[in-house]
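This report concerns only the one structure given below.
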Amino acid sequence: MQNIVLFGPPGAGKGTQSKMLIKERNLIHLSTGDLLRSEKEAGTELGLKAKVLMDQGKLVPDEVVIGMIRNKLESNKDANGFIFDGFPRTEKQAEALDQLLEELNTSISGMIALEAEDEELIKRLLERGKDSGRADDQNREVIENRLKVYQNETAVLKSYYQKQNKFTSINGLGSLDEVFNRLNAAIG
C-alpha cells in the first residue's frame, strides 16, 4: 500500500497534482476538508460532533479528525493507497497518524513537498482567486499571512519525516507534466 503525504504551501499545486496521481496510481484522495463535509452530510456521530464545533467557529480536535481518517481507511481496505492532503499539519497529528496506520498494518510511504518561492505562490493564488471566487485567494495580505502560518506551524513536519527518511522535496515550478514527472520520480 502506498500512503503519500503531499505537502507544500498554499498555491504549490497539491490539489492539481493529487488529481493526477490519483488517476495514474489508482490512489484514494484523503482530504480532511472533504472528510469533514462528508461526515457532516452523512450525519455520523463524528460528523455531528464536528458540525457543532465548526458552527461555533472552533477547530475540530485531532481525535475527531483521526476518527474520520480511521473510518475512511477501514472502509477502503483494498485500496492501492492514499494521498493525504491537508493532514497532518502538526507533529502531534503526524504522530497520531503514524500510530493509526501502524494499528492498520501500514505506514506513510513518504512525504513529498512541492516547493516554490513565496512571490510565485502569491502570483498563483491571486490568479486562482480570479476564477475560484475564494476570498482568501484574492487578498495579498491574507495570502502572505497563510504563507507565514505555513512556514511557522506546518513546515516543521519536514524534519519529522526527514528523521524517518521519508521526506523528499521537489521543485513545484514548471508545467503540470514537468512537476508530475518529478513527483512520480520521487515516489518511485
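Of note:
- Whole-angstrom gap from the stretch 1-38 to the stretch 83-151, using each part's C-alpha centre: 10 Å
- Karplus-derived 3J(HN,Hα), 6.51/-1.76/1.60, for each residue of the stretch 146-155, Hz, glycine and proline x: 4, 5, 5, 4, 4, 4, 7, 10, 9, 4
- Considering only trypsin sites (Lys or Arg not before Pro) in DSSP loops that have at most 14 other Cβ atoms within 10 Å, the longest stretch of the chain without any of them is 1-57.
- Summarising the amide proton neighbourhood of Gln2: residues at separation of 5 or more, or on other chains, whose placed amide H is nearer than 5 Å comprise Gly81, Phe82.
- Mean Cα-pair separation over length for the chain, i.e. relative contact order, pairs under 8 Å, 6 or more apart, %: 31 percent
- With every protein chain in place, the chain: carbon and sulfur % of accessible area (1.4 Å): 47 percent
- Using the 1.4 Å probe convention, the accessible area of the chain works out to 55 Å² per residue with neighbouring protein chains retained.
- Cα-only Debye scattering, the chain: base-10 log of I(q)/I(0) at q = 0.10, 0.18 Å⁻¹: -0.41, -1.38
- Whole-Hz couplings from phi, Karplus 6.51/-1.76/1.60, listed for the stretch 170-186; x for Gly and Pro: 10, 5, x, 9, x, 5, 3, 5, 4, 5, 4, 4, 4, 4, 4, 5, 5
- Amide H contacts for His29 (H built 1.01 Å from N in the peptide plane; partners 5 or more residues away or on another chain; cut-off under 5 Å): Ile83.
- Within the chain, helix-based [θ] at 222 nm, where runs of 4 or more DSSP H residues each add -39,500 (n - 2.57), nearest 500: -17000 deg cm²/dmol
- Here the Karplus relation 6.51 cos²θ - 1.76 cosθ + 1.60, evaluated at θ = phi - 60°, turns the backbone of the stretch 72-78 into coupling constants of 5, 5, 5, 7, 10, 4, 8 Hz, with x for every Gly and Pro.
- Cα gyration tensor category, rounded, prolate or oblate, for the stretch 11-79 with a/c compared to 1.5: oblate
- Once backbone amide H atoms are built at 1.01 Å from N, Gly8 has Leu114 as its partners under 5 Å, excluding neighbours fewer than 5 places away on the same chain.
- Separation of the alpha carbons by more than 30 angstrom is noted, of Lys130/Lys163; Lys51/Lys148; Lys23/Lys77; Lys23/Lys123, for Lys130/Lys163.
The values are calculated or read from the model by the stated rules, or taken from the named source; none is laboratory data. Because the structure is predicted, anything quoted here is derived from the model rather than measured. Counting neighbours? That spans all protein chains shown, and the Cβs are built from the backbone with ideal geometry, glycine included. The accessibility values were calculated without ligands, DNA or RNA, using every heavy atom of the protein model including side chains. Shrake-Rupley method; radii C 1.70, N 1.55, O 1.52, S 1.80 Å.
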